[in-house]
Amino acid sequence: MSIVLRKAWELFFTSTTPTPSSSSSSSSRSNFTYSKHLSELCFSSFSSDIGELEQLPFDILMQILKLLGPKEVAKLSIICKSLRYLVKDNRLWVHFLQTHQSHPSWDSLFFAETTLIYGFPLPSLNGQRPQLSFMQIYGQREQVPGAIIIDGGSGYCKFGWSKYECPSGRSATFMEFGNIEAPMYTRLRHFFATIYNRMQVKPNTQPVIISTPICHYEDTEAAKASRRQLKDAILSALFDMNVPAVCAVNQATLALYAAKRTSGIVVNIGFQVTSVVPILNGKVMRKFGVEVMGVGSLKLTGFLREKMELNNIRFESLYTVRTLKENLCYVALDYEAELLKDTQASFEATGEGQFSLSKERFQTGEIIFQPHLAGVQATGLHQTIARCMNRCHSAELSGDSDWYKTVVLCGGTACLPGLTERLEKELRVLLPSYLSNGIRVIPPPYGADTPWFGAKILGNVSTFPGPGCVKKKQSHQKSTRFNLLW
């Protein structure tokens with residue numbers, strides 16, 4: 001046994017002590033050779049015991065197991081009984097999850113496996129949460145089939161597989177796809193068929209996560225009926241294409257998941273309007289009122305175009321104006337002070353030449369806070385959010401009393417530089433201290449693709465597809481829990 005111990009130690013020392021002349025590829029080959037030899041030593045010599053290897057320090061044994069990798073460690077736990085207590089150690093499998101499965105990030109993975117495994121809307125967990133086995137979580141995540149993600153969007157749709165690092169394509173949204181006078185079911189079938197064709201996958205192979213637009217905002221019976229009608233059309237279209245399971249969640253909730261939160265206020269600056277959506281434990285709190293502003297990204301683009309035309313700046317397409325907005329515009333922390341500064345900057349648009357903007361750069365974003373500058377009769381974004389916060393505070397719900405003080409921004413226009421800081425400043429000035437203390441505004445965690453990444457986190461959770469998803473055989477059954485998501 002001492003010979004085996006020496007061989008194992010020499011192999012470990014060699015693989016973890018690189019020489020100055022060794023390259024990354026040779027180091028990788030060394031680790032592979034070491035792992036192979038150590039695995040062979042365990043399987044051939046240790047049988048049910050590791051003998052003198054037990055004399056090695058705990059941290060050295062853990063390093064050896066980490067070098068072996070998850071598959072070899074799982075095999076080793078069957079052969080070497082004395083290693084089973086080490087193999088089940090959560091720290092070891094946290095390492096494997098971080099190095100093998102942490103996409104888009106370890107924080108997102110941990111959030112999903114400690115929160116979203118219980119289904120959605122999220123159940124109220126009174127008392128202590130059950131003990132997690134990260135070894136079990138790793139194994140379950142390896143078996144998760146993944147999901148086709150279709151983020152409906154408001155300006156354009158993003159789609160891709162949940163195992164991808166980012167969306168693989170974009171298209172028009174299903175609300176605007178095809179002949180808008182055609183029945184919703186017909187448009188949806190055409191829309192989904194186009195997505196699957198572009199992805200070159202068969203609908204019956206994987207479940208689908210679809211982010212639904214934030215529409216029919218009110219908590220009235222008519223609005224509930226409209227949401228139910230849209231839901232039924234989506235389910236019918238997908239199940240008629242033999243999709244095995246459908247998980248439909250609104251964009252605001254998915255944006256909150258992308259920020260690793262389950263409660264808060266989501267501000268979605270969409271194509272036509274801006275929505276302020278209070279969400280508690282994954283459920284949209286419509287009884288508090290979803291606020292809607294008549295200012296969206298299209299209004300900002302149109303405002304910038306008007307300013308450019310007044311300065312005799314010509315362009316070929318609205319796309320050019322949007323490009324300039326995305327690359328030159330920002331939100332001023334102090335609007336009046338910014339007017340006194342020289343803010344001129346230039347950008348060269350492909351195929352259109354170079355454009356120079358000055359005050360238009362921050363005047364465009366200012367209409368979010370002062371809509372009257374663009375001729376829109378509406379309150380500013382900070383005032384709209386403050387009104388929502390006041391209603392949430394007055395409700396005095398049990399649990400976390402400050403859940404509404406986290407504001408998550410969503411949408412491409414929400415990525416404008418300076419918006420997060422300006423919004424937080426305005427809210428602190430506008431609200432009394434008992435409401436403003438603890439306020440945090442979070443910029444879009446993944447830019448314009450934030451809801452898609454929220455769906456990605458959900459689609460890779462170890463229990464997916466699980467609670468909250470509707471399977472084909474359940475499609476004609478009423479599901480109260482599912483309706484709560486809309």
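The values are calculated or read from the model by the stated rules, or taken from the named source; none is laboratory data. Keep in mind the model is a prediction, meaning the values are calculated, not measured. FYI the Cβ positions are ideal-geometry reconstructions off the backbone, even for glycines, and counts take in every protein chain you see. These area figures cover heavy atoms from the full protein model, side chains too; ligands, DNA and RNA do not enter into them. Shrake-Rupley method; radii C 1.70, N 1.55, O 1.52, S 1.80 Å.
I'd like the FRET efficiency for GLU326 and HIS190, computed as 1/(1 + (r/R0)^6) with the beta carbon distance as r and R0 of 30 Å, rounded to 0.05. FRET efficiency, GLU326 to HIS190: 0.50.
Computed from backbone phi, the HN-Hα couplings of segment 190-196 come to 5, 5, 5, 4, 5, 4, 5 Hz, rounded to whole numbers (Karplus: 6.51 cos²θ - 1.76 cosθ + 1.60, θ = phi - 60°; Gly and Pro given as x). Excluding same-chain neighbours fewer than eight residues apart, the lysines reachable from LYS405 by a Cα-Cα span under 30 Å are LYS158, LYS224, LYS260, LYS283, LYS287, LYS299, LYS325, LYS425, LYS456.
Accessible area per residue for segment 210-334 is 37 Å², calculated with a 1.4 Å probe on protein heavy atoms, without ligands, DNA or RNA. Placing pseudo-labels 7 Å out from each Cα toward the beta carbon at GLN140 and ASN90 gives an inter-label distance of 1.4 nm. Modelled label positions at LYS66 and ASP334, each set 7 Å beyond Cα in the direction of Cβ, lie 4.9 nm from each other. Between THR99 and THR350, the FRET efficiency estimated from the beta carbon spacing at R0 = 35 angstrom works out to 0.35. Listed by chain and number, the lysines whose alpha-carbon sits under 22 Å from that of LYS75, ignoring those within fewer than 8 places in the same chain, are LYS7, LYS36, LYS66, LYS88. Model label sites at ARG391 and GLN131, defined 7 Å from Cα along the beta-carbon direction, differ in position by 4.5 nm.
When the residues HIS393, HIS382 are ordered by accessible surface, computed with a 1.4 Å probe over the protein chains alone, the sequence from largest down reads HIS393, HIS382. Ranked by solvent-accessible area (1.4 Å probe, protein heavy atoms only, all chains present), the residues TYR434, TYR164 order from largest to smallest as TYR434, TYR164.
Overall, the anisotropy analysis places segment 412-470 in the oblate class: the square-rooted eigenvalues a ≥ b ≥ c of its C-alpha gyration tensor yield a/c not less than 1.5, with a/b not exceeding b/c.
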